[in-house]
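J.: Sharing a structure here in structure tokens format.
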Amino acid sequence: MRNNIRNVLIAVVLMFSSLIAYLLYFEFFMRDTLLASDYNRRLWEEENRVVRGSIVDRNGNTIAETVQDGGERKRVYYGGPAIGPVVGYNSQQYGRSGIEAAYNKELLGLETKNPFLLFKQNILGIKDRGYDVILTIDSSLQKTAYEALDGRKGAVVALNPKTGEILALVSSPGFDPNNIEKDWEMMKDSKDSPLLNRAIQGLYPPGSVFKLIPLSAAIEKIGGLEERTFKCTGSTDVDGLVIKDYNGTAHGNIDIRRAVEVSCNATFINIGLELGADNMYAYSGRFGFNKNLDFDLPTKMSVFPYPTSKRELALSSIGQADILATPLQMALVTSAVANGGTIMRPYIVKGITDSEGRISYNRQDEPYLSPITESTAAKIKEMMIGVVKNGTGTAAKISGVDVAGKTGTAEVEGKKSHAWFVGFAPADDPQIVVAVIVENSGSGGQVAAPVAKQVLNKYLK
Amino acid sequence: MAKASRYYRAMLLSLYLFLTICFSLLSLHETPINPKPLYMGLGLIAIITIGFITMRIFALNGDAMLFLLSNFLCGIGLVMIYRVNESLAYRQFIWITGGIATFIVFTFLFKYYSYVMKYHWLFGATSLMLLFITIIFGREIGGSTNWIVISGHSFQPSEFVKILFCIASASFLKDRNETKDVLLYGSFVATVVLLLFAQKDLGTALIFFMTGIVFVYVATGKPVYPLIGIILLVTGAVLSYLIFSHVRVRFEAWLNPWMDVPGKGYQIVQSLFAIGAGGLFGSGLGLGHPEYIPAVSTDLIFSILVEEFGLLVGLAVIAIYLFIFVRAYISAMSSNDRLKELLLTGIASMLAFQTFIIIGGVTKFIPLTGVTLPFISYGGSSIVTSFSLLGIMNSLSLEEGTK
């Protein structure tokens, strides 16, 4: 009987020990994410106790700050709809979005603080202040890009290929966070969906800008590619599916270089079929497709479905089929070419400083993916310079600077095509990568390239 | 013995200090300073002292640790209840007083346990009858039909059944361990559990079920019985999940409370926010947000306790419970009286399961089923029952010589 009781004792002790172990696990590993939940009403209490930190751009310009307005505290935003979707809003009624949501904890200074300091503050009645968040965004570039889109639906992503810093992240139409409470009902159901950040959450067929990926694969996998000649009659028949070139233009007998410059579909269908589904799928993955990107803001995953038929493979090689990409994803693909084959991990929060200006967090650059070799990148870069010099992208030409680029005109069922342009400059020492999409607006060379040109021009000036 | 009593005196003094500080803080927390909480604290100290002296006089000390630790739990509970709802605290104060009195009465009564325990048939039958009456005349409060209301006073018969159940089980199994006895006893437990299940009181049903298993195992020593018990439990859980929507709701709220935060997941999510907000050291007494937590003075009192006192105090509270139970098991092991062993083990296990089910529930370790946290939660039935059970434990721990 003694043994039986001992076994019961052991069982009870085990039950309680596992409970204690779980509580410790909860405290140290689950607590932080839990507390940041939007459902946590204590955060709003904290909001009343703490002066919410500011959000500033890379040059120290204030984007959002909390000001004392008489007896009331108010959140004020600068930069209007150009930066609205990035910075987001902070509303007791509608919750949070953008940086305001993703860095809420830091803005409220909720990280574990020195308990003695906290005690002192409580005793002395000092108003606590949250941390300031410093973005990599260049406000004036952001504004230029937004104005270049001129109210059309679309997005612009500009980043530094050497570091991964996001210089501009524009989604048009945007919204002014100052008016969120007033405009909410209207925006919520608006066809233009201003609350959606298209640059990171809009999924679009990439069209010909996607050709950079089969091109990479072909350079690395198909021997003697550059010496070959491809024949283009203006349309290609793949198992009974006729795929035309843009406007049905027949490019004749051309080499790969020229095929890139004029964005020849026939050549790329040829290449794609030769590479096969495995290579296409593998290279898409190497460039970041089908991968969840760990980014400061929530992004949608860009997808490249494995082509299951010859027709799908053909369409995939010109960026159609069911491929979907965010503008950020296409900017990353381009940055591999600009940065000698390596994609740096993109980020938008440069650092966090406390109320006394002491840096509490400083973002370090780190490589994200290395999809291609340096020599492949150099070859593609040369071809992309050709695109802007004497191909489809001449509208992005800037005098005195070599611009490399690739246009895309992604067909959309029953509507006008999406206009794409990706590129970087200066070609010999790339400072900025840009990806532009203008929804349902026509060809990439005519509509998107001029937008990219304005952004590049502004930044390099 | 002198050394031990000096040790207890030191513990008693720390308890006084703890209560004085907590209730003073509650007094200072209000502007202008409100002396009422301090009066209540001093009142509790007086009650505890009277209880302690009374037990000395009648040589009922038994395991003085049980009395001191349970008073600490009551004290911290009363502090929290006062902080959450002042008027509830006055009633809780009366119940703690009644609880301590019951503790002394049961300690005295069970000196003669061998006489008390002859009537297991009567106790068993009364248990079933009380539960049956609850089903017929019961009032639904907080989702369970487990309350009886008599002229404005409500109480939970299932709480008092705990005492009857333990006594009946121990005395029945005292000199029986044949298969047919286990079958008979098993059908008694099953009836109790089903009656509670019918009242939608899932937590209490689980407590009785598990305690029943412990009784059978300790009496027979055959691992096959707990094994059958676990199989029955799993089958029962799966079946009731499939059949009863209220069981499904609890289970789904446990698996993923985030699916429906304003609805099904509300209780558990608010509880987790509170526990998380407290951190290791707590927000401080009076600085948390009990207004966000449902059933905060009863089932979810552990959550506000952790929010304001911190997880370290929460873990200390768990350790105190464990200490009380382990002491009871050890004293059962050192006894040579089968009845005493059964009763001590059964009662300790019952309180242990109750504690585990509610703390595990509010922390999302296991699905949340509403039962009270012994000694801490607000509620007359719960306080008096917990003290009665503890009184029996205390009595059975009395030194042989003092009987």
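The values are calculated or read from the model by the stated rules, or taken from the named source; none is laboratory data. Keep in mind the model is a prediction, meaning the values are calculated, not measured. As a convention, Cβ positions derive from the backbone with ideal geometry for all residues, glycine included, and neighbour counts pool all protein chains shown. Areas reflect the complete protein model, heavy atoms only, side chains present, ligands, DNA and RNA absent. Shrake-Rupley method; radii C 1.70, N 1.55, O 1.52, S 1.80 Å.
J.: Please tell me if residue B:346 is at pLDDT below 95 and of a type outside the set (A, V, I, L, M).
T.: No, not satisfied.
J.: Of the numbered conditions (1) open to solvent by 30 Å² or more (accessible area, probe 1.4 Å); (2) without any contact (Cβ under 8 Å) to a residue 40 or more places away in the chain, residue B:193 fails exactly one; give the number of that condition.
T.: Failed condition: (1).
J.: Check the range A:395-411 and report whether any residue there is part of a strand (DSSP E or B), touching a strand residue (DSSP E or B) at 6+ places or on another chain (Cβ under 6 Å), farther than 21 Å from residue A:219 by Cβ and without any contact (Cβ under 8 Å) to a residue 24 or more places away in the chain.
T.: Checking the range A:395-411: not a single residue is part of a strand (DSSP E or B), touching a strand residue (DSSP E or B) at 6+ places or on another chain (Cβ under 6 Å), farther than 21 Å from residue A:219 by Cβ and without any contact (Cβ under 8 Å) to a residue 24 or more places away in the chain.
J.: Right, something else. Only one of these conditions is not met by residue A:236: (1) open to solvent by less than 40 Å² (accessible area, probe 1.4 Å); (2) over 30 Å from residue A:277 (Cβ atoms); (3) more than 22 Å from the chain's Cα centre (by Cα). Which number is it?
T.: (2)
J.: Further question on the same structure: Let me confirm something: among B:298, B:355, which residue is in contact (Cβ under 8 Å) with a residue 24 or more places away in the chain, hydroxyl-bearing (Ser, Thr, Tyr) and within 10 Å of chain A (Cβ to nearest Cβ)?
T.: B:355
J.: Which count do you get for residues in the range B:332-365 that are of a type in the set (Ser, Thr, Tyr) and within 21 Å of residue B:385 (Cβ to Cβ)?
T.: Of the residues in the range B:332-365, 3 are of a type in the set (Ser, Thr, Tyr) and within 21 Å of residue B:385 (Cβ to Cβ).
J.: If you don't mind, there's one more thing I want to ask. If I ask for residues that are under 15 Å from the mean Cα position of the chain (by Cα) and open to solvent by less than 60 Å² (accessible area, probe 1.4 Å), which ones from the range B:137-163 would you list?
T.: Selection gives B:156, B:157, B:158, B:159, B:161, B:162, B:163.
J.: If we scan the range B:250-265, do we find a residue that is over 30 Å from residue B:396 (Cβ atoms), in a helix (DSSP H, G or I) and within 9 Å of another protein chain (Cβ to nearest Cβ)?
T.: Within the range B:250-265, one or more residues are over 30 Å from residue B:396 (Cβ atoms), in a helix (DSSP H, G or I) and within 9 Å of another protein chain (Cβ to nearest Cβ).
J.: Do we have residue B:312 as in a helix (DSSP H, G or I), touching a residue at least 60 places away in the same chain (Cβ under 8 Å) and on the phi < 0 side of the Ramachandran plot here?
T.: No.
J.: Could you check how many residues of the range B:358-390 are more than 21 Å from residue B:78 (Cα to Cα), crowded, with 23+ Cβ neighbours inside 10 Å and within 11 Å of another protein chain (Cβ to nearest Cβ)?
T.: 1
J.: Under the condition of being out of contact with any strand residue (DSSP E or B) (no Cβ under 9 Å at 6 or more places or on another chain) and surrounded by fewer than 18 Cβ atoms within 10 Å (Cβ to Cβ), which residue from the range A:40-69 is nearest to residue B:366 (Cα to Cα)?
T.: My answer is A:41.
J.: When you go through (1) open to solvent by less than 40 Å² (accessible area, probe 1.4 Å); (2) aliphatic (A, V, I, L, M); (3) out of contact with any strand residue (DSSP E or B) (no Cβ under 9 Å at 6 or more places or on another chain) one by one for residue A:186, which number turns out not to apply?
T.: So the condition that residue A:186 fails would be (1).
J.: So, residue A:322, is that one touching a strand residue (DSSP E or B) at 6+ places or on another chain (Cβ under 7 Å) and of a type in the set (Asp, Glu) or not?
T.: No.
J.: Would you please name the residue that is farthest from residue B:79 (Cα to Cα), looking only at residues in the range B:273-289 that are open to solvent by 10 Å² or more (accessible area, probe 1.4 Å), at the interface with chain A (Cβ under 8 Å from one of its Cβ atoms) and part of a loop (DSSP other than H, G, I, E, B)?
T.: Restricting to residues being open to solvent by 10 Å² or more (accessible area, probe 1.4 Å), at the interface with chain A (Cβ under 8 Å from one of its Cβ atoms) and part of a loop (DSSP other than H, G, I, E, B), the top hit is B:280.
J.: Filter the range A:356-380 down to residues that are in contact with a strand residue (DSSP E or B) (Cβ under 8 Å, 6 or more places away or on another chain) and surrounded by 14 or more Cβ atoms within 10 Å (Cβ to Cβ), then give me how many there are.
T.: 6
J.: With a cut-off of at least 2 residues that are of a type outside the set (Ser, Thr, Tyr) and within 13 Å of chain A (Cβ to nearest Cβ), name the helices (runs of 4 or more DSSP H) lying wholly within the range B:155-233.
T.: In the range B:155-233, B:157-173, B:202-220 are the helices (runs of 4 or more DSSP H) which contain 2 or more residues that are of a type outside the set (Ser, Thr, Tyr) and within 13 Å of chain A (Cβ to nearest Cβ).
J.: What pairs can you find where one residue is in the range B:142-156 and closer than 19 Å to residue B:201 by Cβ, the other is in a strand (DSSP E or B) and among the charged types (D, E, K, R), and their Cβ atoms are less than 8 Å apart, with a gap of 6+ or different chains?
T.: Between residues of the range B:142-156 that are closer than 19 Å to residue B:201 by Cβ and residues that are in a strand (DSSP E or B) and among the charged types (D, E, K, R), the close pairs are B:145/B:139; B:147/B:139; B:147/B:140; B:148/B:139; B:149/B:139; B:154/B:139.
J.: Here's another thing I want to ask about it. Mind checking which pairs have a first residue in the range B:273-288 that is without any contact (Cβ under 8 Å) to a residue 24 or more places away in the chain and a second that is in a loop (DSSP other than H, G, I, E, B) and surrounded by fewer than 20 Cβ atoms within 10 Å (Cβ to Cβ), Cβ under 8 Å, 6 or more apart or different chains?
T.: Close Cβ pairs satisfying both conditions: B:273/A:37; B:273/A:39.
J.: Continuing with the same structure: Among (1) over 30 Å from residue A:141 (Cβ atoms); (2) among the hydroxyl-bearing types (Ser, Thr, Tyr); (3) open to solvent by less than 30 Å² (accessible area, probe 1.4 Å), there is one condition residue A:17 misses while meeting the rest; what is its number?
T.: Failed condition: (3).
J.: Being on the phi < 0 side of the Ramachandran plot, crowded, with 24+ Cβ neighbours inside 10 Å and within 9 Å of chain A (Cβ to nearest Cβ): is that true of residue B:326 here?
T.: In short, no.
J.: I've got another one for you. Could you please tell me which pairs satisfy a Cβ distance under 8 Å, a separation of 6+ or placement on different chains, a first residue in the range A:200-221 that is on the phi > 0 side of the Ramachandran plot, and a second residue that is open to solvent by less than 10 Å² (accessible area, probe 1.4 Å) and aromatic (Phe, Trp, Tyr)?
T.: Close Cβ pairs (under 8 Å, with a partner that is open to solvent by less than 10 Å² (accessible area, probe 1.4 Å) and aromatic (Phe, Trp, Tyr)) amount to A:207/A:420.
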